[in-house]
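One structure below.
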């Protein structure tokens, strides 16, 4: 991992927070971020879709980034309940999370679907955070490498660069479970992902693309993951729902360097 990587600490709020709570959380984080002199990390908030505009207002001018939790592969049309990357961009979003394991499992999204969504994000001028990772069954059957290899090949679109793409490795069996893989196994997987990106794109691009770790990252374990050479930040779920915990995770990065 080049030293020039600026780590990304991304908060995926999932289907949590009401309007007042979400705005309060965003406001607290904006104040903390603004009070930090030249923060070495980028911080992203990805609230539920109905809260994006309000959260955007709360963090305006703070330096925090705004993101959506998904996007549609098309820019408009008869797609009830879906949200386009174009609309996310119009609301001030810099990123869209695509291919999260909960979308893959609960909505039957395929690698082809994820690639199309990532390409739509690129076309709209926002970054795609492409999620990959193996299930508990796949992990126990020693298929983790095969699964992630196929997801990288099938989910990363042509034209992916460090400027428009982030990869998030989230072992599905660790998400929200309190269980985490060993730091050594996380480093091995991130190194493997970077190698697959080099094969899919090119070596220089692969070196520059940020690869996040997700899956029960908390203030208690963030240092051991963020100090790994091929971990460029985290995609945080539960710990992103309080300003204290999310900020504590972010503060682990300086401690890890």
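Assorted remarks:
- When the alpha carbon gyration tensor of the stretch 143-248 is reduced to an equivalent ellipsoid, the three semi-axes, largest first, read 24, 15, 12 Å.
- Cα extents of the stretch 92-150 along the three principal axes, largest first (Å): 41, 21, 18
- Relative frequency of Cα-Cα separations exceeding 28 Å in the stretch 78-222, percent: 17
- Summed over all non-identical Cα pairs, the Kirkwood treatment of the chain gives a radius of 18.0 Å.
- Cα centroid separation - the stretch 28-72 against the stretch 160-235, whole Å: 21
- Label-point gap, in nm, between residue 75 and residue 204 - each point 7 angstrom along Cα→Cβ: 3.0
- In units of the rule-of-thumb radius 2.2 N^0.38 Å, the stretch 54-112 shows an alpha carbon radius of gyration of 1.25.
- In terms of Cα atoms, the Rg and Dmax of the stretch 1-64 work out to 12.6, 40 Å.
- Counted over the stretch 1-147 with a bin width of 10 Å, the fraction of Cα pairs per bin, in whole percents, is 11, 36, 33, 17, 3.
Where a number appears in this text, it was derived from the coordinates with a stated rule and is not lab data. Here the structure is a predicted model, which is why all the values come from computation and not from measurement. As a convention, Cβ positions derive from the backbone with ideal geometry for all residues, glycine included, and neighbour counts pool all protein chains shown.
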